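Enquirer: First the structure, which I've put down as structure tokens, then a few questions once you've had a look.
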Amino acid sequence: MRSFIRLVFISIIALSLASAQTDPAQATGIVKLDDLIAEALQNNPQLRAARNQTAAAKTKVNQVTSWDAPQVGVEFFQTPVQSFPNPLKNQMEVDYYVQQMLPFPGKLSAMGRAAERSASMVAQGYKALERKILRELKSAYFELYLVQRKIQINAENQDLMRRFVGIAQKQYEVGMGKQQDILRAQTELSTLINEGLNLQQEKRAIEAMINTILSRPANAPLGYVPEIEVDIPQWTFEQLRPLALEARPELKAMSFNIEMYQAELSLSKREYFPDLMARVMYKDMAMTGNDFWSVMLGVSIPLSPWSSGKYTSKVEENELNVKRAEEEYTDMRNMTLFEVQDATVQVHTNQNLVLLYKNTVIPQAEQTLQSTIAAYQTGKTEFLMLIDAYRMLLMSRLDYHMSVMKYMASQAALEQAVGLDIREIADRLR
């Protein structure tokens, strides 16, 4: 009877190990990260709003570089009072005129440069938002990968514990086992069931997060995340540093911000020069029959005593804005280099952990389980030692998947810090 129980137990171990290798994707569809990225770029509400904002900013260039609309008018001169309300009756003179304001040369071009830099700054802000959204999507995708593996391992453990409970009960019935073994296995099973419920709730929360990013219904189903291949070159900080300074959207946006304030400073200095006003008038002399043309030119006087403070203060304001923008650029540059350095360290650390679990920890746990099975066959170990050995193997697999998730999340952080995805970084460093 004891040999039969051992044979059954060893068969259970073998079946459990085999079930760990089955692919849950056979029962559900595969969800690919590239497909989610394409959908997010197309449908994410924040990105759609940012695209409209970028397009709106570009339209301001034509607005500020165009002249003001001309004024057209009619003046009824020396119309008798008794002709009211008909000004055309018995009128002595009617004047027709066209009037146009002419900004001083260089003002509109300076305004155009400022608007162009502002539009470029908004466009870089869109790219920065795009990187942020993609990082959030990738992080959630890798969290979904991890929780699906946890659910899979939990289900395997529950199945194993149920079989362990049955075996322990049979051993106890024939007088070869202990009641403590049954209670321990039942307690372990209850803990696993509770953990499984919590994992399902965590999975739904992560799926809702992904669906929100994709602008899908929060409860829309998602498929199975396939195994992730971990194969990224170990780039150094010195390799990534110039790429980040060149490609980081936030840095580009702040550089355009400096140029925008410089253009506004140039414009404010040009406000010292007068604008022109031209008027052409046709005088219809009804009483004499001799009509006339008249032309009028006028200029503004910016440096008059009661208005000069307006222009000098504007120059001072824009000089301070330029200095502020330069300091903000320096701060963002330092932050960018810190984020690149931090992400690089995280990538290297997590990659080493992935390789450690894959090449060392998991093989050792498998060998431990096999030796424990052999010891149980010869009666040299107890029943629950097999549970501990199998749990050690499953935990090492779980830790492996955790390391993969952290590794891929640190890769997403590196992409945001540099401003390029992994493929673009690899192409530029070749």
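The values are calculated or read from the model by the stated rules, or taken from the named source; none is laboratory data. Only a predicted model underlies this, so the values are computations on that prediction, with no experimental measurement involved. Note that we place each Cβ from the backbone using ideal geometry, even for glycine, and neighbour counts take in every protein chain shown.
Enquirer: Which residues, taken from segment 200-231, are over 26 Å from Leu394 (Cα atoms), surrounded by 13 or more Cβ atoms within 10 Å (Cβ to Cβ) and of a type in the set (A, V, I, L, M)?
Expert: Ala208, Met209, Ile210, Ile213, Leu214
Enquirer: Residue by residue through segment 26-76, note down the ones that are of a type in the set (A, V, I, L, M, F, W, C), surrounded by fewer than 13 Cβ atoms within 10 Å (Cβ to Cβ) and closer than 28 Å to Tyr224 by Cα.
Expert: Ala27, Ile30, Ala38
Enquirer: Among the residues in segment 283-295, are any crowded, with 16+ Cβ neighbours inside 10 Å and modelled with pLDDT of 90 or more?
Expert: no
Enquirer: Right, another one. From the list Glu250, Glu259, which residue is touching a Lys or Arg at 6+ places or on another chain (Cβ under 7 Å), of a type in the set (D, E, K, R) and touching a residue at least 12 places away in the same chain (Cβ under 8 Å)?
Expert: Glu259
Enquirer: So which pairs qualify, if the first residue must be in segment 215-237 and of a type in the set (D, E, K, R), the second must be outside any loop (DSSP other than H, G, I, E, B), the Cβ gap must be under 9 Å, and the two must be at least 6 apart or on different chains?
Expert: Arg216/Glu39; Arg216/Asn43; Arg216/Ile210; Glu227/Tyr145; Glu227/Val404
Enquirer: Quick check on my filter: what residues within segment 51-67 are more than 19 Å from Leu108 (Cα to Cα) and of a type in the set (S, T, N, Q)?
Expert: Correct list: Asn52, Gln53, Thr54.
Enquirer: Examine segment 187-199 for a residue that is free of Cβ contacts under 8 Å to residues at least 60 places away in the same chain, surrounded by fewer than 18 Cβ atoms within 10 Å (Cβ to Cβ) and within 29 Å of Ser109 (Cα to Cα), and state whether such a residue exists.
Expert: No, segment 187-199 contains no residue that is free of Cβ contacts under 8 Å to residues at least 60 places away in the same chain, surrounded by fewer than 18 Cβ atoms within 10 Å (Cβ to Cβ) and within 29 Å of Ser109 (Cα to Cα).
Enquirer: Check segment 226-241 and report whether any residue there is at pLDDT 85 or above, touching a strand residue (DSSP E or B) at 6+ places or on another chain (Cβ under 9 Å) and not aliphatic (A, V, I, L, M).
Expert: The answer is yes; a qualifying residue exists.
Enquirer: Please verify whether Arg117 is of a type in the set (D, E, K, R) and within 19 Å of Gln200 (Cβ to Cβ), treating the condition exactly as stated.
Expert: On the way: of a type in the set (D, E, K, R): yes; within 19 Å of Gln200 (Cβ to Cβ): no.
No: the conditions fail for Arg117.
Enquirer: What about Val322, is it touching a residue at least 40 places away in the same chain (Cβ under 8 Å), assigned to a helix (DSSP H, G or I) and among the β-branched types (Val, Ile, Thr)?
Expert: yes
Enquirer: Name the residue that is modelled with the highest pLDDT, counting only residues in segment 160-187 that are farther than 17 Å from Asp388 by Cβ and part of a helix (DSSP H, G or I).
Expert: Arg162
Enquirer: Regarding Gln82, is this residue more than 30 Å from Gln46 (Cα to Cα), in contact with a Gly (Cβ under 8 Å, 6 or more places away or on another chain), assigned to a helix (DSSP H, G or I) and at pLDDT below 85?
Expert: no
Enquirer: Just one of Leu129, Leu144 is part of a helix (DSSP H, G or I), surrounded by fewer than 22 Cβ atoms within 10 Å (Cβ to Cβ) and in contact (Cβ under 8 Å) with a residue 60 or more places away in the chain; which is it?
Expert: When all the criteria are applied, what remains is Leu129.
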